[in-house]
């Protein structure tokens, strides 16, 4: 194993002695570094955009839920109001019915001459 590392070290030292190879190697390293920075920056931008879209969807779903809950509560209140109105209408109808069954004059009264 040490022999392999010795061979790799000898080849790399010979290559790095060549000025053109060093220039190409560091240029390629710089390009990879810049592309990596660009990739990270693009990924961060994409994450921010996805976060904004997620927040908008969350806000819309929250608003739909709120409108549904308020509507459901409104229907419950309307049902209670209708029950009160129906009870009042029933009472009024029975009162009118009782009033219509009563005679306007007393049974033992006499009409005026």
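The values are calculated or read from the model by the stated rules, or taken from the named source; none is laboratory data. No experiment lies behind these values; they were computed from the predicted model shown. So basically every Cβ, Gly included, is an ideal-geometry build from the backbone, and we count neighbours across all protein chains shown.
Quick look at the values:
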| quantity | calculated |
| --- | --- |
| Residue check for residue 21: touching a helix residue (DSSP H, G or I) at 6+ places or on another chain (Cβ under 6 Å) and at pLDDT below 85 | yes |
| Residue match in region 10-17 (condition: part of a helix (DSSP H, G or I), exposed (fewer than 10 other Cβ atoms within 10 Å of the Cβ) and either modelled with pLDDT under 85 or in contact with a strand residue (DSSP E or B) (Cβ under 6 Å, 6 or more places away or on another chain) (or both)) | yes |
